[in-house]
1. Across segment 83-106, which residue is farthest from residue 173 (Cα to Cα) among those that are in contact with a strand residue (DSSP E or B) (Cβ under 8 Å, 6 or more places away or on another chain) and more than 16 Å from the ligand (Cβ to nearest atom)?
2. Tell me which strands (runs of 3 or more DSSP E) are completely within segment 199-303 and hold 3 or more residues being more than 16 Å from the ligand (Cβ to nearest atom) and surrounded by 14 or more Cβ atoms within 10 Å (Cβ to Cβ), or say none if there are none.
3. How many residues are outside any helix (DSSP H, G or I) and free of Cβ contacts under 8 Å to residues at least 60 places away in the same chain if we restrict to segment 180-198?
4. Looking at this structure, is residue 115 more than 16 Å from residue 47 (Cβ to Cβ), under 16 Å from the mean Cα position of the chain (by Cα) and modelled with pLDDT of 95 or more?
5. Among the candidates 157, 177, single out the residue that is at pLDDT 90 or above, farther than 30 Å from residue 273 by Cα, in contact with a helix residue (DSSP H, G or I) (Cβ under 7 Å, 6 or more places away or on another chain) and assigned to a strand (DSSP E or B).
6. Restricting attention to segment 127-144, which residues are part of a loop (DSSP other than H, G, I, E, B) and within 15 Å of residue 46 (Cβ to Cβ)?
Ligand SMILES: [Zn+2]
């Protein structure tokens, strides 16, 4: 099954449903980062959550999620855009914790004491930013809590990643259901009952059920339209130019030190692990540009 997302909308009631399968891209991301089994589950859930949130974006919009807490994983960063491109990384990919009740303990690895920050770049000046305290550190509950607290949208979120003993991901996916005002009580009750009764996401995917099947199970008895299907992919928007800007932000003293001590610099993109090499000449040119920029600023300051 290719990675994709399906969006549906209730015909009579104000309800939206999204479901996706992300097995391929989560597998790719986990191997790329050499993540431990529990870190794979954490990163996979967060990436899938980010993928689901693209369903709410308009063209050219982007969303970023940052989970930061007191556990050994330290943080998870995910970015996704309206074209279905997602990328992500974790603070300490090799960190792991023992199983809890026979399951990978994502909350234990990320920690419960921390925050989820959601940023949306909606193309109008300042990006939108919402911060909530983590609810459980289990990712799905935290995203649902973010929607309820920060956007006042009652939401149900299910996320699942199945990590094989080999370290491969054999199933990853999730769903997001939201009710919009004015909400219809009967529909909400029906949805809650259905959500309590459905099988875990990974079980559905492993038994060959599609995102359409998941939504059909959740929306049983609630008429809906399928809005669209969108392809999802792991894709990093990094480039040499962008990494050069990272170097630029270090400041002249740091660049001078890199030239002096290392005669160049290796910069690794945190999302895709691509390495960019900057030679002594590259850094000297950058340093000259930075100094020229500083002169200009000083000149302006005198006016
Ligand atoms: Zn990259």
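The values are calculated or read from the model by the stated rules, or taken from the named source; none is laboratory data. Note that the coordinates shown come from a computational prediction; the quantities given were computed from them, not determined experimentally. For neighbour counting, all protein chains shown are included, and Cβ atoms are generated from backbone atoms with ideal geometry for every residue, glycine included.
1. My answer is 91.
2. 224-231
3. Total meeting the criteria: 1.
4. yes
5. Criteria check complete, one pass: 177.
6. 134, 135, 136, 137, 138, 139
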